[in-house]
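Presented below is the structure to which this report refers.
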Amino acid sequence: MSNNPSNLNPVRQKIDSIDKMLFTLLLERLECSQQVAAIKKETNKDVFDARREEEIIAKLEGWIEEEELTEHKNRILQLWSTMLELSRDIQNK
């Protein structure tokens, strides 16, 4: 691929499409968090579940390794940490 600026448009359009999919999936995940919150409230469970978060991070680390993305591991984990924090915030409301 050359450095021609016109080549940027198709790639940027693809990024925009991916961003929309990510946004839609995030909304779906947040809806699930609200459902989890309702179930936890009904069953008197704490919002923070260290074991569950450890499971999520362990799966994520496995995916990172499978995809050979170790150079980006910290940033990916930071993104997921932010997502988990948002989920806890929603569950605490």
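The values are calculated or read from the model by the stated rules, or taken from the named source; none is laboratory data. Predicted, not measured: the structure shown is a model, and the values here were computed from it. Cβ: placed from backbone, ideal geometry, glycine included. Neighbour counts: every protein chain shown. What goes into the accessible areas is simple: the full protein's heavy atoms, side chains included, and nothing from ligands, DNA or RNA. Shrake-Rupley method; radii C 1.70, N 1.55, O 1.52, S 1.80 Å.
Condition check for LEU26 on (1) closer than 21 Å to ARG75 by Cα; (2) loosely packed, with under 10 Cβ neighbours inside 10 Å: one failure, at (2).
Going by what's in this entry, would MET21 be described as within 13 Å of the chain's Cα centre (by Cα) and surrounded by 12 or more Cβ atoms within 10 Å (Cβ to Cβ)?
Working: within 13 Å of the chain's Cα centre (by Cα): yes; surrounded by 12 or more Cβ atoms within 10 Å (Cβ to Cβ): no.
For MET21, the condition - within 13 Å of the chain's Cα centre (by Cα) and surrounded by 12 or more Cβ atoms within 10 Å (Cβ to Cβ) - is not met.
Residues in region 40-68 that are open to solvent by less than 100 Å² (accessible area, probe 1.4 Å) and closer than 19 Å to LYS93 by Cβ: LYS40, THR43, VAL47, ASP49, GLU53. Pairing residues of region 24-37 that are in contact (Cβ under 8 Å) with a residue 60 or more places away in the chain with residues that are open to solvent by less than 60 Å² (accessible area, probe 1.4 Å) and part of a helix (DSSP H, G or I), at Cβ distances under 9 Å and at least 6 apart in sequence or on separate chains, gives LEU30/SER87; LEU30/ILE90.
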